[in-house]
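**Q** Just dropping this structure here.
Nothing in this text is a laboratory measurement; each read-out follows from the coordinates by a stated rule. Everything numeric in this text was worked out from a predicted model, so none of it was measured. Cβ placement follows ideal geometry from the backbone for every residue including glycine, while neighbour counts extend to all protein chains displayed.
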Amino acid sequence: MNKKEIISIESISKIYHLGDNVVKALDNVSLKIYENDFISIMGPSGSGKSTLMNIIGCLDVPSKGTYKLDNIEIDKMTDSDLAKIRNQKIGFVFQTFNLLPKLNAVQNVEVPLIYSSLSKSERIAKAKNALNSVGLGDRFDHKPNELSGGQRQRVAIARALVNSPSIILADEPTGNLDSKSGLEILKFFDELHKAGNTIIVVTHEDSVANRAKRKVEIFDGKISKDE
Amino acid sequence: MERFLKMNNIFQNIAIGLRAIKSNPTRVFLTSLGLTIGIFTVSIITAGVSSIDKEFEKSMAYYGNDKLYVSTWPWSFNFDWWKYRNRPRIEEDNLQYITQYSQYIDDVSLRKTSWIRGSYGNTASWLQINGVYPSYQDMLSGTKIENGRFFSQNEWDLQRRVIIVGATVRDGFFDGQDPIGKTIRLGGVSFEVIGELKKQGMGMVPGGTLDNLVIMPSTTFKRILTRWGFDELVLKTRPEQMAIAKEEAEMIMRVARKLKPDEENNFAVNSADAYKQQFDSLKIAIAGVGFLVTGISLIVSAIGIMNVMFVSVKERTKEIGLRKAMGATSRNILVQFLSEAVTISIIGGLAGIILVKLLTLALASFLPVSFDLLLIFYTFLVCVFIGITAGMIPARNAASLNPIDALRHE
Ligand SMILES: Nc1ncnc2c1ncn2[C@@H]1O[C@H](COP(=O)(O)OP(=O)(O)OP(=O)(O)O)[C@@H](O)[C@H]1O
Ligand SMILES: [Mg+2]
């Protein structure tokens, strides 16, 4: 394989101290991810999947070890460098959607664009475009509570895609959806993968994992399988 | 271009802050109330002091910047009656000494003052009566003869019952008609109006108005009105000589009174500037209290805004996490919450300005509040300052949140 290595995780640990209790959410994990990978991460509840995702997505920092994104050590980056990466390079999809309840669909999708210096009209055009591409062209003005779960997750996906990031991280994107809506969501990931994006999905479901080209399993904070 | 984009960004954050405010108007209203009160008080105090100032300027003109008044008592707000009660009255004879020995006094007059009920037909009113010398004509300050004439030396010698009246008398007794030649009764005796004084308006003098005045020969005053009344010597000098003329007058009076070197003055040489010092300390006291009240209300409102901002940050922790996950920098979040705080305080300040404006319209005649762009400008500055000060700590707390902890917050 001579694919470009974009993510390099070297023996990272994430350790929480709760009183006298030491929780090793991640225990000496190493992982390399290449351009246009489609990876699923599975494992029992509490095994550290979300912790790993959050570190990859630059939302969290490891307690030990090094994480390089595009060959740059995250540790060495400033707050605004990290913000730029989250904004431009990574699209995050959460299990609980995390839409802002007072904003409508277009405004929610606009959020990442606000932090990327575009004019208002450009922002709205891009947001509507992204919503169209997830099939929500007729739901622009709907607030999250006026949308179904599947629609909410599609808004969240539109938001993740709107800045055309190269890496899509999804932490149990279908966990809160019925199988039909889940399937719709998964179709987008397939398309994105075909379009050249790197995709990492955390899931409990084999049906989701089976779409991935590479399956990683985590047990007790350690990678137990990577194939 | 770079700069423009940054500005654009700030406007974005302000818009986010505004939206947060729109979603909780009651809280914003309550919080900004303190600022409303603060801005309101400070405007009223400023207006009050400046209108007292204007009144005072008029009174200064009334006393004149070239006049000394030799009186029994000093003009003072904190009048120590026990100290002064045994002082002798001012004697008319002392004028001789002054005219004889003084270099700096150009003109002198006795001035007797009394308050007497005057009437014309069915209308009656209390009037301030001054009995003076013919020379007093050139010593009128703040006003002048507008109609008719002053009394002559001859009329003074003959103790004629002639009077010069102020504007209040014209308006009150004659319905604004020409009073010359008419007859007014003072204490049961008729006096003929021969002259009329120019209107002066309100001032900081007993009774408020400077126009409630009747002037007559001091001889007539003494013979017909009353032997009593309050006597002063009015000395005219030149404005640039006031200080030295005052010293001189004091010296001559001490000689006239035969005071020994270690004895205190048993008279006072007053002038408008002494009055001004008294007045200034009063003004400072008013302003001091006003600004204290304002200061307290501003501090209280700053604490209120800070409190609301802490609540706002707490309530929106998850939103902060999400925004950071979507690419907001710590600076973006800081600006977002600072703009929210500043906006709340500006809303309070604007409400204060509107209140002042309404009050100005309602009380235009009593309290001439100068409502101008400068007031708006200063209010704006104060609000921005308070907003930033009060919002800084909560906004920094928000900005320093780690994205994942904030996102996990329930
Ligand atoms: N902020 C925290 N403080 C303390 N412990 C934490 C914290 N976040 C996670 N943990 C612990 O780290 C471990 C891994 O958590 P993580 O969320 O990564 O699990 P997960 O694999 O995503 O589980 P699930 O499938 O239920 O989402 C858990 O044991 C959890 O209790
Ligand atoms: Mg999880």
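**Q** Relative to the longest principal Cα axis of chain B, at what angle does helix B:242-257 sit, 0 to 90 degrees, rounded to 10?
**A** That helix lies at roughly 40 degrees to the long axis.
**Q** Oh, and also: Determine which residues of the range B:40-80 fall in the zone a paramagnetic label at residue B:378 would reach in this model, i.e. backbone nitrogen under 17 Å from the point 7 Å along Cα→Cβ.
**A** Residues B:40-54 qualify, since their backbone N sits under 17 Å from the label point.
**Q** With axes computed from alpha carbons, what is the tilt in degrees of helix A:179-194 against the longest principal axis of chain A, rounded to the nearest 10 within 0 to 90?
**A** With both axes taken from Cα atoms, the answer is about 80 degrees.
**Q** From the phi angles alone, apply the Karplus equation (6.51, -1.76, 1.60; θ = phi - 60°) to the range A:97-104 and give each ³J(HN,Hα) in whole Hz, x where the residue is Gly or Pro.
**A** 6, 6, 8, 7, x, 8, 9, 7
**Q** Just to be sure I understand the curve: with the Debye formula and one point per C-alpha of the range B:300-410, what is log10 I(q)/I(0) at q = 0.19, 0.20 Å⁻¹?
**A** Each listed q corresponds, in turn, to -0.88, -0.94.
**Q** Quick one: putting +1 on the C-beta of Lys and Arg, -1 on the C-beta of Asp and Glu, what dipole do you get for the range A:1-54 around its Cα centre, in Debye to the nearest 20?
**A** Dipole of the range A:1-54, to the nearest 20 debye: 80 debye.
**Q** Compute the Rg to Rh ratio over the range A:114-227 from the alpha carbon atoms, using the Kirkwood formula for Rh, and round to two decimal places. Numbers along the way, then the final one.
**A** Numbers: Rg = 15.6 Å, Rh = 15.4 Å.
Radius of gyration over Kirkwood radius for the range A:114-227 works out to 1.01.
**Q** Under 20 Å from the Cα of residue B:144, which aspartates and glutamates turn up, not counting those fewer than eight places away in the same chain?
**A** Within the straight-line cut-off, residue B:144 pairs with B:55, B:57, B:66, B:106, B:107, B:155, B:171, B:178, B:192, B:196, B:211.
**Q** Report the label-to-label distance for residue B:18 and residue B:251 in nanometres (one decimal), using points 7 Å from each Cα along the Cα→Cβ vector.
**A** 7.3 nm
**Q** Highest GNM mean-square fluctuation, chain B, Cα pairs closer than 10 Å: which of B:252, B:244, B:145?
**A** B:244
**Q** Would you compute, for the Cα atoms of chain A, the largest minus smallest coordinate along each principal axis and list the three values in descending order, in whole Å?
**A** Principal axes ranked by extent give 48, 45, 39 Å for the Cα atoms.
**Q** What is the fewest-to-most order of B:126, B:73 by other Cβ atoms lying within 10 Å of their Cβ?
**A** Working: B:126 11, B:73 17.
Placing the least packed residue first, the sequence is B:126, B:73.
**Q** Shifting gears a bit: Could you give the dipole magnitude of the protein assembly as shown about its Cα centre, charging the beta-carbon of Lys and Arg +1 and that of Asp and Glu -1, in debye to the nearest 20? Please list the in-between numbers first.
**A** Numbers: 76 positive and 67 negative charges, 187 e Å.
Using only the charged Cβ atoms, the result is roughly 900 debye.
**Q** Another question, then. What share of all Cα pairs of the range A:89-145, in percent, falls into each consecutive 10 Å distance bin?
**A** 24, 56, 20, 0
**Q** Using a 10 Å cut-off around each Cβ, can you sort B:156, B:228 from fewest to most neighbouring Cβ atoms?
**A** Values: B:156 21, B:228 10.
Listed from fewest to most nearby Cβ atoms, that is B:228, B:156.
**Q** Once you've got the Cα coordinates, tell me which of A:187/B:314; A:4/B:318; A:120/B:324; A:64/A:89; A:194/A:215; B:22/B:318 are over 29 Å apart. Walk me through the numbers on the way to the answer.
**A** Details: A:187/B:314 37 Å; A:4/B:318 35 Å; A:120/B:324 20 Å; A:64/A:89 24 Å; A:194/A:215 18 Å; B:22/B:318 19 Å.
Violating the 29 Å limit, Cα to Cα: A:187/B:314; A:4/B:318.
**Q** Can you tell me the dipole magnitude for the range B:111-231 around its Cα centre, using point charges on the Cβ only (Lys, Arg +1; Asp, Glu -1), in Debye to the nearest 20?
**A** 340 debye
**Q** Using the C-alpha atoms of the range B:164-308, what convex hull volume per residue, in cubic angstrom, is computed?
**A** Per-residue hull volume (Cα only) is 237 Å³.
**Q** I've got another one for you. Output the relative contact order of the range B:111-231, whole-number percent, from Cα pairs under 8 angstrom with separation of 6+ residues.
**A** With pairs under 8 Å counted, the relative contact order is 36 percent.
**Q** Here's a follow-up. Can you tell me the Rg and Dmax of the range B:1-140, counting just the alpha carbons, in angstroms?
**A** In Å, with Rg to one decimal and Dmax whole: 30.7, 87.
**Q** Could you tell me the ratio Rg/Rh of the range B:111-231? Both radii from Cα atoms, Rh via Kirkwood. Numbers along the way, then the final one.
**A** Working: Rg = 12.9 Å, Rh = 14.0 Å.
Reported Rg/Rh, Kirkwood definition of Rh: 0.92.
**Q** Once R0 is set to 25 Å, what does the formula 1/(1 + (r/R0)^6) return for the Cβ-Cβ distance between residue A:96 and residue A:10, expressed as a FRET efficiency to the nearest 0.05?
**A** Calculated transfer efficiency: 0.25.
**Q** To continue, here is another question. Need one number for chain B: average projected area of the convex hull over its C-alpha atoms, nm².
**A** 30.3 nm²
**Q** Please report the equivalent ellipsoid semi-axes of the range A:164-227, computed as sqrt(5 x eigenvalue) of the Cα gyration tensor, largest first, in whole Å.
**A** 19, 16, 10
**Q** I've got another one for you. Just A:80, A:63, A:166 to compare: in a GNM of chain A, with alpha carbon springs under 10 Å, which one fluctuates most?
**A** A:80
**Q** Could you give the nm distance between label points at residue A:119 and residue B:171, where each point is 7 Å from its Cα heading toward the beta carbon?
**A** Rounded to a tenth, the inter-label distance reads 6.3 nm.
**Q** Report the residues of the range A:59-76 in range of a label on residue A:32: point 7 Å along Cα→C-beta, backbone N strictly under 17 Å from it.
**A** Counting backbone N atoms under 17 Å from the label point, the list is A:66-73.
**Q** Pairs B:67/B:260; A:3/A:32; A:14/A:76; B:58/B:276: which exceed 22 Å Cα-Cα?
**A** Distance filter (> 22 Å) returns B:67/B:260.
**Q** Given H placed on each backbone N at 1.01 Å, which residues far from residue B:124 in sequence or on other chains put an amide H within less than 5 Å of it?
**A** Amide H neighbours of residue B:124, under 5 Å, 5+ apart: none.
**Q** Post the alpha-carbon centroid distance, the range B:284-351 to the range A:29-50, in whole angstrom.
**A** Each part reduced to its Cα centre gives a spacing of 43 Å.
**Q** Using every pair of alpha-carbon atoms in the protein assembly as shown, split the distances into 10 Å bins beginning at 0 and state the percent of pairs per bin, rounded to integers.
**A** 3, 13, 16, 13, 9, 7, 7, 7, 8, 8, 6, 3, 0, 0
**Q** By how many degrees, between 0 and 90 and to the nearest 10, does the Cα long axis of helix B:330-362 differ from the longest principal axis of chain B?
**A** Compared with the principal axis, the helix lies near 30 degrees.
**Q** Let me ask something additional. Provide the net charge surrounding residue B:144, with neighbours chosen by a C-beta distance below 12 Å and charges set as Lys +1, Arg +1, Asp -1, Glu -1.
**A** Charge balance in the 12 Å sphere: 0.
**Q** While we're on this one: Using Cβ counts within 10 Å as a stand-in for footprinting exposure, how do A:26, A:136, B:259, A:103 rank, fewest first?
**A** In order of increasing Cβ crowding within 10 Å: B:259, A:103, A:136, A:26.
**Q** Another question about this same structure. Roughly how far apart, in whole Å, are the Cα centres of the range B:51-93 and the range B:98-155?
**A** 17 Å
**Q** Here is a follow-up. Compare B:272, B:20, B:47 in a GNM of chain B, Cα atoms joined below 10 Å, and give the one with the largest fluctuation.
**A** Greatest mean-square fluctuation among the candidates belongs to B:20.
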